[in-house]
Amino acid sequence: PTTVNLKSSYPATIKGKQDIEIRPQVSGFITKLNIDEGSMVKKGQVLFVIDPVQYESAARAAKAAVATAKANVSTQEIKNKRELNKKNIISDYDLEMAENTLASAKAQLASAEAQLISANQNLAYTRVTSPSDGVAGTIPYRVGSLVSASIAQPLTTVSEIGDMYVYFSMTEKEL
């Protein structure tokens, strides 16, 4: 009997415990790239900045719409009209119209507030952040690239490398 060292090589793919595709949630041009391929990233770190100008404008417009809707609601307050109705100065019909106008103004305020929340959320999405600690993969899009939520390739992939997995194939005979 003799001792024999067997040596086999296999092509393999190494992956992190979790590979997270980083995709934009809004459309626009990449204006800033804050990482390099293969760099370590921290959870919450800004990786990419998408041009925020149109989203800032939308947020300002939504804020103005909320202010306008609040002014409309305060204008439509009907306390005085109820007093006038009790004194028979205005009709029940006019009071109902005033109440309906107030309800409509309140609904417009709620709609404007929802649009403001959406506009602020879209503005926040212009700063693409890392969802976890890890290593950034390849970056196919650079400054000036137009990206959107429907792009085929992700902006990059963040791989958690605390544990690593190696994937390779063997033939049945080798097994």
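The values are calculated or read from the model by the stated rules, or taken from the named source; none is laboratory data. Here the structure is a predicted model, which is why all the values come from computation and not from measurement. Don't worry about glycine lacking a Cβ; one is built from the backbone with ideal geometry, like all the others, and counts go over all protein chains shown. Accessible surface areas use protein heavy atoms only, side chains included; no ligands, DNA or RNA. Shrake-Rupley method; radii C 1.70, N 1.55, O 1.52, S 1.80 Å.
Other residues within the sphere of radius under 9 Å centred on the Cβ of residue 162, judged by their own Cβ, net out at -2 (K and R +1, D and E -1). Highest mean packing first, where packing is the average number of other Cβ atoms within 10 Å per residue, the peptides 60-69, 30-39 line up as 60-69, 30-39. Taking 19 Å as the straight-line reach from the Cα of residue 79, the aspartates and glutamates in range (excluding those fewer than 8 positions away in the same chain) are 92, 94, 96, 99.
Per residue, the average separation of C-alpha pairs within less than 8 Å and at least 6 apart gives the chain a relative contact order of 46 percent. With a threshold of 24 Å on the Cα-Cα distance, the over-threshold entries among 81/106; 17/42; 42/63; 17/173 are 42/63; 17/173.
Between the range 142-174 and the range 88-130, the alpha-carbon centres lie 44 Å apart.
With the alpha-carbon atoms of the range 17-96 aligned to their principal axes, the span from lowest to highest coordinate is 78, 30, 17 Å, starting with the largest.
Taking every alpha-carbon pair within the chain, the share separated by more than 23 Å comes to 64 percent. Calculated FRET efficiency, residue 118 to residue 14, Cβ-Cβ distance, R0 = 25 Å: about 0.05 to the nearest 0.05. Applying a DSSP loop filter and a limit of 15 other Cβ atoms within 10 Å to the GluC sites (Glu not before Pro) in the range 58-163 leaves 77. Computed extension length for residue 67-residue 149: 26.4 nm, one decimal, from 0.36 nm per residue of separation with the Cα-Cα distance subtracted. Restricting the calculation to Cα atoms, the range 94-175 yields a radius of gyration followed by a Dmax of 25.5, 91 Å. Each residue was assigned an accessible area with a 1.4 Å probe, and for residue 87 the value is about 140 Å².
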